[in-house]
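Peer 1: Dumping the structure here so I can ask a few things about it.
The values are calculated or read from the model by the stated rules, or taken from the named source; none is laboratory data. Computed from a prediction, not measured in an experiment: that's the story for all the values here. Glycine gets a Cβ as well: all are built from the backbone with ideal geometry, and neighbour counts include every protein chain shown.
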Amino acid sequence: MNAILILANLTFREAIRRRIVLAGLALGISFLVIYSIGLHFILIDMRQEFTLRDLPARQNFMNVEMQNFFMMAGLYAITFLSIAMAALLGADTLAGEINSGTIQTIVSKPIRRADVILGKWLGFAGLLGLYLLFMAGGVVSSMLIQSGYVADNLLNGLGLIYLETLLIMTITLMCSASFPALATGGIVFGMYGLAFIGGWIEQIGAIFQNPTAVKVGIFTSLLIPSEALWRRAAYEMQTPLAGVLGMSPFAATSVPSLLMVIYAILYLVVALILSIRIFQRRDL
Amino acid sequence: MSVAAIETEQLRKVFGDRAAVKGLTLQVAQGEVFGFLGPNGAGKTTSIKMLLGLISPSSGTASLLGKPIGDRDAMSRIGFLPEHFRFQEWLTAREFLTLHGQLLRMKADDLASRMDELLERVGLADYRNKLLRTFSKGMLQRVGLAQALLNRPALIFLDEPTSGLDPVGRRLVRDVIREVRAQGTAVFLNSHLLSEIEVTCDRVAFIRHGEVVRVLELAVLSTDETSLSIRVSNFPAEALSGLSQWGKDIQMDGEHIRMVIQSDAVLPEITRYLVTQKGEVYAITPNRMSLEDIFIETVGKDGGL
């Protein structure tokens, strides 16, 4: 078996055996349960309200808007959970193994150091993919079963959310190759926070038509394009009206261009290459 | 077979403004058990890590089994037990060995039989499906040793292999070293336990401040002068002079006789002589000039600090 696959498999098993995934799943399932119960009561309420006051055509229109809103809220929450999972998985991986010396018997085998990074990356990517699939599957099917609603461009949206998770994981891996675990966690959450604030400045700037604020937002997206990926994902899945109204944390008013998506992919590739380079030069 | 197992030329590592290894030049032949001795901080572990490609040298060259450092073909014929061994503790002993065997590109059936053989050899056969998390320090050291032997290496690095082990475990390591040596494996042994080195190694290098200050053939030790202590009771003082035909510096202090002999070969004759005299003989103990004596003489009492 190829060294990358052996190490990907090891990474995968480690996450499961060390119960990080279990913790993530426990949190995720709690979220899905609460979300589904909440959604259940909101939908009942909503139907009664609309039936009492409005015409059938308008009722349907409002229904879709509300369902989309709750769908996006759910997906936003699981994006955050997936990102937290990506950061937690990645922060300790290299830093911890370098610190404990576990890495020494691995690296002194007939493998390349790049194999170690690529193996870990692949293992985490698989794990995060499954996690996202499970969580998004939960939100989407909860909505589908309870209301019959499916968002437009769902797969595009989920793909972008996955890309965002992978981006955060790769940045974490890169930091973990140079810094201790705790510092890595701090840096990654700090960057995520920066992107979040930057995204909001851009949104507000777009609503009030302030080009400087929009530029600040774009600049932070260039520093770390994670939030931009979420907004692109939201744009793909949201109803046209939500995009125009905009004043919801789960909607995108200032829509990142496709160029930004390509930029994010390049960013990820560069971060991965840098992780390899840093790890290759590091004394273990 | 003429290539050296290890060959280094002025290998040097500088951390900041401190040279951890100043210029390591040494040769280890194939099939040789080579001891690497030195006080704490002399650069022993750094040297091993450079040879294994874990740390990149600041300057100098080295080759293992005739290949430059980091060569993957050479690495597949090398075994390594690190000093502060920490392994994937969420794996079972068998899973752990499987992982390392796979990374060594071993074939599945060979790996399976080799793994069972080694677990048996290091006394962990009953623990093969237990998680490493539940292992004691000594058991981890044993499974680490099995890991280092998986690929029937031509060269094996053991960095303080007996540090966590009880006397039984130490003997195991010693026996394993003898076995692999008999199979032609070169062993690079870094240890603080001089008595271990003394009984297992063919040659030792003394390291101080990251330089080889002395290389010693250990076979020499056994022919060196030996001080002999004899414990007797009611031994007639006049019989003492009879011992001078086998040695010198004969002294008697109560029940203890001390003398210096040239070789262990005279021991049977001395024993025969003693028992034919009046008085009782309780012990005859040769104390060779130990490696410890040489160590302190070479690196200094301050430990090279």
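Peer 1: Could you say which residue among B:THR200, B:THR185 is of a type in the set (S, T, N, Q), modelled with pLDDT of 90 or more and within 18 Å of the chain's Cα centre (by Cα)?
Peer 2: None of the others qualify; the one that does is B:THR185.
Peer 1: Of the residues B:LEU140, B:LEU118, only one is farther than 23 Å from B:THR46 by Cα and of a type in the set (A, V, I, L, M); which?
Peer 2: The unique qualifying residue is B:LEU118.
Peer 1: Could you check, for the range A:13-20, whether at least one of its residues is under 30 Å from A:ILE276 (Cβ atoms), at pLDDT below 85 and either more than 14 Å from chain B (Cβ to nearest Cβ) or part of a helix (DSSP H, G or I) (or both)?
Peer 2: Yes, there is a match, as at least one residue in the range A:13-20 is under 30 Å from A:ILE276 (Cβ atoms), at pLDDT below 85 and either more than 14 Å from chain B (Cβ to nearest Cβ) or part of a helix (DSSP H, G or I) (or both).
Peer 1: Under 8 Å between Cβ atoms, which residue pairs at least 6 apart in sequence (or on different chains) link something in the range B:229-255 that is modelled with pLDDT of 85 or more with a partner that is of a type in the set (Gly, Ala, Ser) and in a strand (DSSP E or B)?
Peer 2: The qualifying pairs are B:SER229/B:ALA283; B:ILE230/B:ALA283; B:ARG231/B:ALA283; B:GLU255/B:SER233.
Peer 1: If you check every pair at least six apart or on different chains, which have Cβ atoms under 8 Å apart with a residue in the range A:19-37 that is without any contact (Cβ under 8 Å) to a residue 40 or more places away in the chain and farther than 13 Å from A:GLY137 by Cα first and a residue that is part of a helix (DSSP H, G or I) and not aromatic (Phe, Trp, Tyr) second?
Peer 2: Cβ pairs passing all conditions: A:LEU22/A:ILE16.
Peer 1: Now, a different point. Out of the residues in the range A:129-181 that are aromatic (Phe, Trp, Tyr) and closer than 28 Å to A:GLU97 by Cβ, which is surrounded by the most Cβ atoms within 10 Å (Cβ to Cβ)?
Peer 2: For the range A:129-181, the residue satisfying everything is A:TYR131.
Peer 1: Just checking, which of B:ALA125, B:ALA108, B:ALA148 is closer than 24 Å to A:PRO110 by Cβ, of a type in the set (A, V, I, L, M) and surrounded by fewer than 17 Cβ atoms within 10 Å (Cβ to Cβ)?
Peer 2: B:ALA108
Peer 1: Same structure, new question: Just name the residue that is nearest to the chain's Cα centre (by Cα) out of those in the range B:82-93 that are facing chain A (nearest Cβ under 8 Å), of a type outside the set (D, E, K, R) and crowded, with 16+ Cβ neighbours inside 10 Å.
Peer 2: B:PRO82
Peer 1: Now for a separate question. Look through B:GLY138, B:GLY144, B:GLY169, B:GLY184 and report the one residue that is in the same structural domain as B:ASP109 (by TED's automatic domain parsing) and part of a loop (DSSP other than H, G, I, E, B).
Peer 2: It is B:GLY184.
Peer 1: Here's another thing I want to ask about it. Which condition breaks for B:VAL21 when tested against (1) within 14 Å of chain A (Cβ to nearest Cβ); (2) surrounded by fewer than 19 Cβ atoms within 10 Å (Cβ to Cβ); (3) not in a loop (DSSP other than H, G, I, E, B)?
Peer 2: Just one mismatch for B:VAL21, condition (2).
Peer 1: May I pose another question? If we keep just the residues of the range B:64-78 that are within 9 Å of chain A (Cβ to nearest Cβ) and under 22 Å from the mean Cα position of the chain (by Cα), which is surrounded by the fewest Cβ atoms within 10 Å (Cβ to Cβ)?
Peer 2: B:ARG77
Peer 1: Looking at the range A:80-94, I want the residues that are under 16 Å from A:ARG17 (Cα atoms) and have a partner that is modelled with pLDDT under 90 with Cβ atoms under 7 Å, at least 6 apart or on another chain. Which pairs are those?
Peer 2: Hits for this filter: A:MET85/A:GLY24; A:LEU88/A:ILE20; A:LEU89/A:ALA15; A:LEU89/A:ILE20; A:ASP92/A:ALA181.
Peer 1: Could you look through the range B:143-152, keep only residues that are within 11 Å of another protein chain (Cβ to nearest Cβ) and under 18 Å from B:GLY31 (Cβ atoms), and pick out the one that is nearest to the chain's Cα centre (by Cα)?
Peer 2: Ranking the qualifying residues of the range B:143-152, first place goes to B:ALA148.
Peer 1: Could you tell me which residue of the range B:187-219 is surrounded by the most Cβ atoms within 10 Å (Cβ to Cβ), considering only residues that are of a type in the set (Asp, Glu) and assigned to a helix (DSSP H, G or I)?
Peer 2: B:GLU196
Peer 1: For the range B:41-62, indicate whether the set of residues that are within 12 Å of another protein chain (Cβ to nearest Cβ) and farther than 24 Å from A:ARG282 by Cβ is non-empty.
Peer 2: No: the range B:41-62 contains no residue that is within 12 Å of another protein chain (Cβ to nearest Cβ) and farther than 24 Å from A:ARG282 by Cβ.
Peer 1: Among (1) touching a residue at least 40 places away in the same chain (Cβ under 8 Å); (2) in contact with a strand residue (DSSP E or B) (Cβ under 9 Å, 6 or more places away or on another chain), where does B:GLY184 come up short?
Peer 2: The number of the failed condition is (2).
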